[in-house]
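Participant: Here it is: the structure, laid out below.
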Amino acid sequence: MKVYTYFDQCCMSETAEKTLTLWRESWEKNGWEPVVLNENDAGRHPLYGEFSRAVQAFPSVNGPGFDYHAFMRWLASAQIVSETGWGIVTTEPDVINYSMDPESLRSLGIPSGKCLFLSPVPAMVLGDGFERFCQAVIAHTLQPEDSFDGNPHLSDQDFAFRYGAGVVEFLGENRYCAEAFQGDRWKTSPCVHYATAYMIENKCLPKHEHIPLLR
């Protein structure tokens, strides 16, 4: 069974590549076939032009390209679904798999037309509704609440939480992927998302040096 992530060389550092290596190794060790997507995969999708223009118009408080590519991973995932005809599992490249084999997810099935969040944020997503998500992004008109600390901003995570109704579903329990340093569950969770904000807060950068020491 394949697991996908999205990684774009142009806005990722050398240390991020080393974290990606940890991602790949951890998933392979648990019986998965890791596949790394990039904007070229998204570019094969018929919605690419519209989607790219829409996302480029969204304001961001982050560095150039960061939120653009965070959105673009949804379209790259949509393209894979269109090619395979099946729902997929996709994660962020800093989600480390400690014990989750493919059989662990088979009982969930694929939620038709949906993106099921297996983590508190869109760090691990299962489903076939990525194109529907992208269509909603294209149709979106910026709202006053699309901001961060008083500055205009819209991330893919914000979009999912605010406007994902009908496409995004939350599992409602955190038994697959936990956020590092949030409570105690991440110490035993099958997968852990080592989110940058929490790693900075706990003085654990660069990630690839600290992740092997944390569990």
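The values are calculated or read from the model by the stated rules, or taken from the named source; none is laboratory data. Quick caveat: nothing in here was measured; it's all calculated off a predicted structure. Because the Cβ atoms are built from the backbone with ideal geometry, glycine has one as well, and the counts that use them run over all protein chains shown. For accessibility, only protein heavy atoms count, side chains too; no ligands or nucleic acids. Shrake-Rupley method; radii C 1.70, N 1.55, O 1.52, S 1.80 Å.
Participant: Which shape class applies to the stretch 33-78: rounded if a/c is under 1.5, otherwise prolate when a/b exceeds b/c and oblate if not, where a ≥ b ≥ c are the square roots of the Cα gyration tensor eigenvalues?
Facilitator: Verdict is oblate for the stretch 33-78.
Participant: Another question, if that's okay. Before rounding to the nearest 500, sum -39500 (n - 2.57) across all DSSP H runs of length at least 4 in the chain and divide by the residue total; then give [θ] at 222 nm in deg cm²/dmol.
Facilitator: Rounded to the nearest 500, the figure is -11500 deg cm²/dmol.
Participant: Which whole-number percent of Cα pairs in the chain have a distance greater than 20 Å?
Facilitator: Result for the distance tail: 57 percent.
Participant: Express as a percent, rounded to the nearest 5, the fraction of DSSP beta bridges in the stretch 111-186 (both residues included) that run antiparallel.
Facilitator: 60 percent
Participant: Ok, one more. Once you list every other residue whose beta carbon is under 10 Å from the beta carbon of His208, what net charge do they have if Lys and Arg are +1 and Asp and Glu are -1?
Facilitator: Counting the neighbours of His208, the net charge comes to -2.
Participant: While we're here: Assigning unit charges at the beta carbon (Lys, Arg +1; Asp, Glu -1) and nothing else, what dipole magnitude in debye, to the nearest 20, does the stretch 128-215 show about its Cα centre?
Facilitator: Roughly 400 debye, rounded to the nearest 20.
Participant: Next question. Rounded if a/c is under 1.5, else prolate if a/b is larger than b/c, else oblate: which is the stretch 93-215, with a ≥ b ≥ c the root eigenvalues of its Cα gyration tensor?
Facilitator: The shape class here is oblate.
Participant: At a 1.4 Å probe radius, carbon and sulfur cover how many percent of the accessible area of the chain?
Facilitator: 51 percent
Participant: Restricting the count to DSSP beta bridges whose residues both fall in the stretch 57-215, what percent are antiparallel, rounded to a multiple of 5?
Facilitator: Rounded to the nearest five, the antiparallel share is 65 percent.
Participant: I'd like to know how the stretch 27-109 sits against the 2.2 N^0.38 Å rule of thumb: what's its Cα Rg over that expected value?
Facilitator: My calculation over the Cα atoms of the stretch 27-109 gives 1.26.
Participant: What accessible surface, in Å², does a 1.4 Å probe find on Arg132, ignoring ligands, DNA and RNA and rounding to the nearest 10?
Facilitator: 100 Å²
Participant: Size of the dipole of the chain about the Cα centre, Lys and Arg at +1 and Asp and Glu at -1 on the beta carbon, nothing else charged, in debye to 20?
Facilitator: Approximately 340 debye in magnitude.
Participant: A further question on this structure: Under 27 Å between C-alpha atoms is the cut-off here; go through the chain and count lysine pairs that meet it, provided they're at least eight residues apart or on different chains.
Facilitator: The number of close lysine pairs in the chain is 13.
Participant: Find out how many positive minus negative residues lie around Asp67, taking Lys and Arg as positive, Asp and Glu as negative, among other residues whose Cβ is under 13 Å from that of Asp67.
Facilitator: Charge balance near Asp67 sits at -3.
Participant: Counting other C-beta atoms within 10 Å, and keeping those with at most 16, which DSSP coil chymotrypsin sites (Phe, Trp or Tyr not before Pro) do you find in the stretch 1-95?
Facilitator: Trp86
Participant: Distance from the Cα centre of the stretch 103-169 to that of the stretch 70-89, in angstrom?
Facilitator: 13 Å
Participant: Also, quick follow-up: Rolling a 1.4 angstrom probe over the protein heavy atoms, how many square angstrom per residue are accessible across the chain?
Facilitator: Result: 47 Å² per residue.
Participant: A further question follows. What does the charge count around Ala78 come to, taking other residues whose C-beta lies under 14 Å from its C-beta (Lys +1, Arg +1, Asp -1, Glu -1)?
Facilitator: It works out to a net charge of -3.
Participant: Decide, for the stretch 139-193, between rounded, prolate and oblate: order the square roots of the alpha carbon gyration tensor eigenvalues as a ≥ b ≥ c, take rounded if a/c falls under 1.5, and otherwise choose prolate if a/b is larger than b/c, else oblate.
Facilitator: oblate
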